[in-house]
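Notes to accompany the following structure.
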Amino acid sequence: MLIASQILGLIAPQWILLVAAMLVLALDLTLGEEREGWLPYIALLGLGAALVASLSLWNRQVALFEGLFLIDRFAVFFQIIAVLATGLVILASIGYFEGKTPYKGQFYALLLVTALAITLLASAADLVMVFISIEVLSVTSYTLTGYLIADRKSTEAGLKFFLYGAAASAIMLYGMTLLYGATGSTNLAEIGRTLSLASGEGSRWLPIAAIVMLLVGFGFKVSAAPFHQWAPDVYEGAPTPFAAFLSVGSKAAGFAILLRVFLTALPDFRVDWFALVTTLSIATMTLGNLIAIFQENIKRMLAYSSIAQAGYILIGLACWDPQATGRESISAILFYLLAYLFTNLGAFTVVIAVERAVGTNEISDYAGLIRRNPWLAAALFVFFLSLVGIPPTGVFVGKLLIFAAAVRLEYYALVIVALINGVISLYYYYGVLRRVFFLAPRDEAPIAVSTPLRVVLAVTLIMTLGTAIFAQPFIRLALTSAVL
Amino acid sequence: MVPLSWYLMVSAALFCLGIFGVLARRNAVAILMGTELMLNAANINLVAFWRHLRPDVMSGQVFTLMVFVVAAAEAAVGLALCIAIYSSRGTVVVEDMDLLKG
Amino acid sequence: MGISHVLFILFSVLILGGGVMVVTRRNLVQAAGALILTLFGVAGLYVLLEAGFLAAVQILIYIGAIAILIIFAVMLTRRLADEQEPGLNSQWAWALGTAVMALAILVIVIQGTWPLAGGVVGNAPPLTGDSTSRLGVALLSPEQYAFPFEVASVLLLSAMLGAIVIAREKRH
């Protein structure tokens, strides 16, 4: 039996994030406009404290509140991802809202709440907890997407996100009730035990229906086809820093909960969800890459690219086999998510820098970027190399690890489809880079990059290359975190 | 006592009415009403399972209360978005929202 | 067939009849009214299932707050022209097909585990003690659901904050 102070220590990352959010809100009301600039740094301090608190939990393996809430390395890994993503996005949004909205403090506060939601999701081990945490993430995401009320695209994106999201989560909830009905429990581990004891007797169709319905909700969060339609509109309309957050933070959270639920509650139905996940994976990467080719807006292109990336990551789940590749495939997913976090945030930061100078997000605006700011052009080059999966970059290593798991199980078809997709993706990434390097700019004026954006670019660039060149410690980190 | 399966059938029918509403309605507020039907269908399931499986364990009822909270939060945010859109465009018909192609 | 069966059928008619009107009525004020009928029927089912507290909450929160909020939104976003326009989009036939197929699948799935043919008398285990007080204990004791209860309060807080930011008057 744990005493209250011990419990508080174990949920420290969560309450620190909550306190930081409340503090930002309170200071926003009291500081006044001239000192408003402090707020993001206060939010960053809170994130730093939360990071220290999560790192101190690294060696703990505890189930709190009768198994509602698990603290293990898997959870801590995603706490780190949540804090990193939120911290970089806060840095990247400093100055972004100038003249766009008077409510800057609330943005940082709500962003801290989304970070809190991701840390909750990573630890959730009970359907009640899963549902409520996923909804905290969704509801704050709808708000932050529609945040720029003076911008009609932003509110339109917010409403579309909300309508798709509310329907997807209602379907997911219905699937959860079926699982509860089949087992009489909401605890994931207990559901898993009951289902495996009952396998053979009773109807197999009930858990399969539940799996399909859960996949609607989780697939929506990771933007897997055919539940991806929201992503392009939302990425285009949302404030760009928040689009960046959705593409890495929200996606990582979706994969965390997908892994936790499927591998603890439904491992006995692997044969059934294997086919579903494989189909989803192939459809997602092919659709994402093919439609990305035709985009003229860079945020929409990155949206389809991030849909395609979700497809590659799903291969990792399809290749999960408790006997052969259990830990290997989970760790491949974790590594991929970490490398992808830096790469995609970096790409979005370049977009933010260009958007702040040019005012729009058309791909044609990238013509001659190398002459306007060679650093931005070089950074974009590295990030796109990584997104295609060309060495020496982080996502390349991630792809390698995922393919290794697939080859181990002799799922060569999946690898071949993914490789063909890599070639297709080369086409549209090259389309942007061709403009950046070889076309003449419409406007010769150099693009200035603010200091916070430079910091984000430096961190993401170093980590995109670092996760590949010094891959060993990161692979080990992913491997030790791959315990469920 | 009414058997469990009766409740489940009513809930399934209500859920599918909700799906139809979400897919077929043009007005954003009407789509929101469709999702409310789906949430209520899930709630009927939860309470019926709680009563018929293990009424001594309260997880089903707690789950239902959480769904109430979520429904309230979603309605507040969704309707705020509807009002924001209406004030700039004068409509909440989803088909008329075409600034974002998709 | 006892009184509970009669009540069940009555409430189900209320739920599904209301539901059909919610998704088909062109006039959204009428649709919102039908939603209240459905919500009321669901509260009735909770009473039959001996979850009295949930029935009360259903009426106070769902009908008293959420449905009223929806009616407000309908009023605030109503155009007179809307009454002449169709309530359904051009894909409604496809939507109907999807819904009917989903219903068929769900019925088969439910039949497989809880067959309707099991007779008209349910065999729920007896309810011992006061379930409302047990619900209160479950919600607020740290060993059970106090933690998600707190998370729910964070959800409401952030939804409130977001709704205020978004729906506030624009300042130019």
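Listed values, structure above:
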{"item": "When residues of the stretch C:109-123 are limited to those that are under 27 Å from A:Met213 (Cα atoms) and of a type in the set (Gly, Ala, Ser), the one farthest from the other protein chains (Cβ to nearest Cβ)", "result": "C:Ala117"}
{"item": "Failed criterion for A:Val248 (all others in (1) among the aliphatic types (A, V, I, L, M); (2) under 20 Å from A:Val261 (Cβ atoms); (3) touching a Leu at 6+ places or on another chain (Cβ under 6 Å) hold)", "result": "(2)"}
{"item": "Sole exception among (1) more than 15 Å from A:Lys299 (Cα to Cα); (2) touching a Lys or Arg at 6+ places or on another chain (Cβ under 9 Å); (3) aromatic (Phe, Trp, Tyr); (4) assigned to a helix (DSSP H, G or I) for A:Phe348, by number", "result": "(1)"}
{"item": "Residue within the stretch C:102-123 that is out of contact with any Leu (no Cβ under 8 Å at 6 or more places or on another chain) and in contact (Cβ under 8 Å) with a residue 40 or more places away in the chain present", "result": "yes"}
{"item": "Flag if A:Phe77 is more than 30 Å from A:Gly359 (Cα to Cα) and in a helix (DSSP H, G or I)", "result": "yes"}
{"item": "Qualifying positions in the stretch C:46-81 - under 28 Å from C:Asn27 (Cα atoms), crowded, with 16+ Cβ neighbours inside 10 Å and aromatic (Phe, Trp, Tyr)", "result": "C:Tyr62"}
{"item": "Within the stretch A:257-282, tally of residues that are over 19 Å from the mean Cα position of the chain (by Cα), open to solvent by less than 40 Å² (accessible area, probe 1.4 Å) and of a type in the set (Gly, Ala, Ser)", "result": "1"}
{"item": "Filtered residue count, the stretch A:92-110, keeping only those that are among the hydrophobic types (A, V, I, L, M, F, W, C), in a helix (DSSP H, G or I) and touching a helix residue (DSSP H, G or I) at 6+ places or on another chain (Cβ under 6 Å)", "result": "3"}
{"item": "Members of the stretch A:144-159 found to be within 7 Å of chain B (Cβ to nearest Cβ) and either touching a strand residue (DSSP E or B) at 6+ places or on another chain (Cβ under 9 Å) or open to solvent by less than 10 Å² (accessible area, probe 1.4 Å) (or both), listed by number", "result": "A:Gly146, A:Thr155, A:Glu156, A:Ala157, A:Gly158, A:Leu159"}
{"item": "Residue under evaluation C:Ser131, criteria (1) away from chain A (no Cβ under 12 Å); (2) open to solvent by 20 Å² or more (accessible area, probe 1.4 Å), criterion not met", "result": "(2)"}
{"item": "Any hit, the stretch A:229-249, residues being of a type in the set (Ser, Thr, Tyr) and not in a helix (DSSP H, G or I)", "result": "no"}
{"item": "Single match in A:Ile171, A:Ile211 (criterion: within 13 Å of chain C (Cβ to nearest Cβ), part of a helix (DSSP H, G or I) and open to solvent by 10 Å² or more (accessible area, probe 1.4 Å))", "result": "A:Ile171"}
{"item": "Residue in the stretch A:183-201 that is away from chain C (no Cβ under 11 Å), open to solvent by less than 10 Å² (accessible area, probe 1.4 Å) and among the aliphatic types (A, V, I, L, M) present", "result": "yes"}
{"item": "Residue in the stretch A:52-62 that is surrounded by fewer than 22 Cβ atoms within 10 Å (Cβ to Cβ), under 30 Å from A:Val351 (Cβ atoms) and more than 18 Å from the chain's Cα centre (by Cα) present", "result": "no"}
{"item": "Qualifying residue in the stretch A:349-372 (condition: at positive phi, surrounded by fewer than 19 Cβ atoms within 10 Å (Cβ to Cβ), of a type outside the set (A, V, I, L, M) and in contact (Cβ under 8 Å) with a residue 60 or more places away in the chain)", "result": "yes"}
{"item": "Near pairs, Cβ below 8 angstrom, 6+ apart or cross-chain, from the stretch C:20-39 (outside the structural domain of C:Phe72 (by TED's automatic domain parsing)) to any residue that is open to solvent by less than 50 Å² (accessible area, probe 1.4 Å) and modelled with pLDDT of 90 or more", "result": "none"}
{"item": "Selected residue (only one of A:Ile118, A:Ile134, A:Ile208 is farther than 29 Å from A:Ser481 by Cβ and in contact (Cβ under 8 Å) with a residue 40 or more places away in the chain)", "result": "A:Ile208"}
{"item": "Qualifying residue in the stretch A:423-441 (condition: within 21 Å of A:Val397 (Cβ to Cβ), without any contact (Cβ under 8 Å) to a residue 24 or more places away in the chain and open to solvent by 20 Å² or more (accessible area, probe 1.4 Å))", "result": "yes"}
{"item": "The stretch A:250-272 residues that are closer than 19 Å to A:Thr186 by Cα, paired with ones that are in a helix (DSSP H, G or I) and acidic (Asp, Glu) (beta carbon under 9 Å, 6 or more apart)", "result": "A:Ala265/A:Glu190; A:Leu266/A:Asp272"}
{"item": "Unique residue being open to solvent by less than 60 Å² (accessible area, probe 1.4 Å), within 22 Å of the chain's Cα centre (by Cα), away from chain C (no Cβ under 11 Å) and in contact (Cβ under 8 Å) with a residue 24 or more places away in the chain when the list is A:Leu18, A:Leu44, A:Leu27", "result": "A:Leu44"}
{"item": "Condition check for C:Val29: under 18 Å from C:Phe72 (Cβ atoms) and either more than 7 Å from chain B (Cβ to nearest Cβ) or open to solvent by 10 Å² or more (accessible area, probe 1.4 Å) (or both)", "result": "yes"}
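So that you can scan it fast, the table gives a plain yes or no per residue for (1) in a loop (DSSP other than H, G, I, E, B); (2) within 11 Å of chain A (Cβ to nearest Cβ):
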{"residue": "C:Val100", "(1), (2)": "no, no"}
{"residue": "C:Pro126", "(1), (2)": "yes, no"}
{"residue": "C:Gly136", "(1), (2)": "no, no"}
{"residue": "C:Pro142", "(1), (2)": "yes, yes"}
{"residue": "C:Phe147", "(1), (2)": "no, yes"}
{"residue": "C:Val151", "(1), (2)": "no, yes"}
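Here's the yes/no breakdown for (1) at the interface with chain C (Cβ under 7 Å from one of its Cβ atoms); (2) in contact with an Asp or Glu (Cβ under 6 Å, 6 or more places away or on another chain); (3) not aromatic (Phe, Trp, Tyr):
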position: B:Asn45; (1), (2), (3): no, no, yes
position: B:Arg54; (1), (2), (3): no, no, yes
position: B:Ser59; (1), (2), (3): no, no, yes
position: B:Phe63; (1), (2), (3): no, no, no
position: B:Leu81; (1), (2), (3): yes, no, yes
position: B:Ile85; (1), (2), (3): no, no, yes
position: B:Thr91; (1), (2), (3): yes, no, yes
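The values are calculated or read from the model by the stated rules, or taken from the named source; none is laboratory data. What you are looking at is a predicted structure, and each value in this text was computed from that prediction instead of being measured. Ideal geometry is used to build each Cβ from the backbone, glycine not excepted, and the neighbour counts take in all protein chains shown. Quick note on the areas: whole protein, heavy atoms, side chains included, nothing else; ligands and nucleic acids left out. Shrake-Rupley method; radii C 1.70, N 1.55, O 1.52, S 1.80 Å.
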